[in-house]
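Notes to accompany the following structure.
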Amino acid sequence: MRLAQSLWARLLNRWSHHPAVDYVLAGLTTLALAAWQRHHVLAQHSEDQRMNIYATVASVAAIVGGFGTAAISQYATSSGRRMALLRELYGHHLRSNWVGLLTSMLTVSGGCLGVMLVDTKSTLGWPGWVVETLIALGVYRSLRLVWLFRLLIDVSDHDAGNSDRGNTVDVLNIRGD
């Protein structure tokens, strides 16, 4: 069990220090799906349905990118002993994660909108592979964003002296009962 935890910690550490891994994972996911399905995921969708998918993926990526800016604000405004240590030891890696996250979400949104412009046929060729890769990239970057949020929330809670709370959140009684 300890060996599995140690291996998981090493893998997570490497993943967190190298945000570009998400691009490799997105490419490998697309290649694996290509080998398994022999066509991209949009091959059997109508032109109208593909347009809706592009618009939805672009919108979701933009929204997730907006959540990323909220997390950056939390990182910038948090203070405390652990947050100072986190910034000192891992500030460079956290900044590269933030920049990579925002850049990739712009890439996903812009790429889907670009494919929307070139998709004028009843069948979709190579742009379908591009969209499939962009969707995979968006999924991996969303997972990275959740990891970053959890990290910052855990550190902020600990700095605020709330490390023993568990998973519940105390709600203030604002009515004065």
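What you get for the chain, charging only the Cβ of Lys and Arg (+1) and of Asp and Glu (-1), is a dipole of about 480 debye around the Cα centre. Among SER59, SER109, the sequence by solvent-accessible area, most first, with a 1.4 Å probe is SER59, SER109.
Looking at the chain, the accessible area is 64 square angstrom per residue; that uses a 1.4 Å probe and ignores ligands, DNA and RNA. Simple point charges give the picture: +1 on the Cβ of Lys and Arg, -1 on the Cβ of Asp and Glu, and for the range 7-91 a dipole about the Cα centre of about 440 debye. Placing a label point 7 Å from the Cα of LEU89 along the Cα-to-Cβ line, the residues of the range 14-50 whose backbone N sits under 15 Å from it are 14, 16-17. So for the chain, averaging the separation of alpha carbon pairs under 8 Å that are six or more residues apart and normalising by length, what relative contact order in percent results? Relative contact order comes out at 36 percent. Atom-type composition of the exposed protein surface of the chain places 63 percent of the accessible area on carbon and sulfur (1.4 angstrom probe). If you take the Cα centroid of the range 29-61 and the Cα centroid of the range 108-134, the two points sit 8 Å apart. In the chain, helical runs assigned H by DSSP with n ≥ 4 each contribute -39500 (n - 2.57); averaged across all residues and rounded to the nearest 500, the mean residue ellipticity at 222 nm is -27500 deg cm²/dmol. The angle separating the long axis of helix 81-118 from the principal Cα axis of greatest extent in the chain is about 20 degrees. Between helix 21-37 and the chain, what is the angle of the helix's C-alpha long axis to the longest principal axis, kept within 0 to 90° and rounded to the nearest 10? It works out to around 40 degrees.
The long axis of helix 47-77 is offset from the longest Cα principal axis of the chain by roughly 20 degrees. Computed from label points 7 Å out along Cα-Cβ, the spacing between PHE149 and ARG10 is 3.1 nm. Which one, [x] 51; [y] 32; [z] 42, gives percent of Cα pairs over 27 Å apart as derived from the coordinates shown? Read-out taken from this structure: [z].
Is the shape of the range 17-113 rounded, prolate or oblate, going by the alpha carbon gyration tensor and its root eigenvalues a ≥ b ≥ c, with a/c under 1.5 for rounded and a/b larger than b/c for prolate? Note, shape of the range 17-113 comes out oblate.
The values are calculated or read from the model by the stated rules, or taken from the named source; none is laboratory data. For clarity, every value in this text was computed on a predicted model and none was experimentally measured. Positions of Cβ are generated from backbone atoms using ideal geometry, with glycine treated the same way; all protein chains shown enter the neighbour counts. For the accessible areas, the whole protein counts, side chains as well, though only heavy atoms, and no ligand, DNA or RNA atoms are used. Shrake-Rupley method; radii C 1.70, N 1.55, O 1.52, S 1.80 Å.
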